[in-house]
Amino acid sequence: MLYRIYRIKEAAREHFRWAPHTGGVATVKPKDYEPDGEVEAGTPYSAWKALLADGHPLRTGDLLEEITADGVPGALHIAKYVGLEKAGWFVPEAKIEIQPISTNDAQS
């Protein structure tokens, strides 16, 4: 499987580093990351080992994104102190604009 590598920016790394460990899927923002190539591996941990052996190890906060055979992004994994955990990209909530009804429109 192909994994796309994302490196966390330094300012975001400091915040991530001091944030309390939470369970569940970590939500990450694309603005905090920079793409850094790809690696071919059988599992996320195999990718982690391959990057370590190549001298470009994943650091805490970095991401691995699975890329399917047809090039579609798949599962996202974040490197934490305890290993790799599931992550997901932050998707902002769509804003719904509500138009007030004027009293003239309500009487019609």
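The values are calculated or read from the model by the stated rules, or taken from the named source; none is laboratory data. Keep in mind that what you see is a predicted model, and the values were worked out from it rather than measured. A quick note on method: Cβ atoms are made from the backbone with ideal geometry, for glycine too, and the neighbour counts reach across all protein chains shown.
Look at the range 35-46: where a residue is closer than 15 Å to Leu84 by Cα and touching a residue at least 40 places away in the same chain (Cβ under 8 Å) and a partner is assigned to a strand (DSSP E or B) and hydrophobic (A, V, I, L, M, F, W, C), sitting 6+ places away or on another chain with Cβ atoms under 7 Å, you get Pro44/Leu64; Pro44/Leu84. Might you let me know whether the range 39-56 holds any residue that is among the polar types (S, T, N, Q) and in contact with a strand residue (DSSP E or B) (Cβ under 7 Å, 6 or more places away or on another chain)? So far as the range 39-56 goes, no, none of its residues is among the polar types (S, T, N, Q) and in contact with a strand residue (DSSP E or B) (Cβ under 7 Å, 6 or more places away or on another chain). In the set (1) in contact with a Phe, Trp or Tyr (Cβ under 9 Å, 6 or more places away or on another chain); (2) at pLDDT below 95; (3) surrounded by 15 or more Cβ atoms within 10 Å (Cβ to Cβ), the condition left unmet by His21 is number (3).
For the range 44-70, filtering for residues that are β-branched (Val, Ile, Thr), surrounded by 14 or more Cβ atoms within 10 Å (Cβ to Cβ) and more than 20 Å from Thr27 (Cα to Cα) leaves 0. Those strands (runs of 3 or more DSSP E) of the range 6-108 in which at least 3 residues are aliphatic (A, V, I, L, M) and under 11 Å from the mean Cα position of the chain (by Cα), considering only elements entirely within it, cover 73-80.
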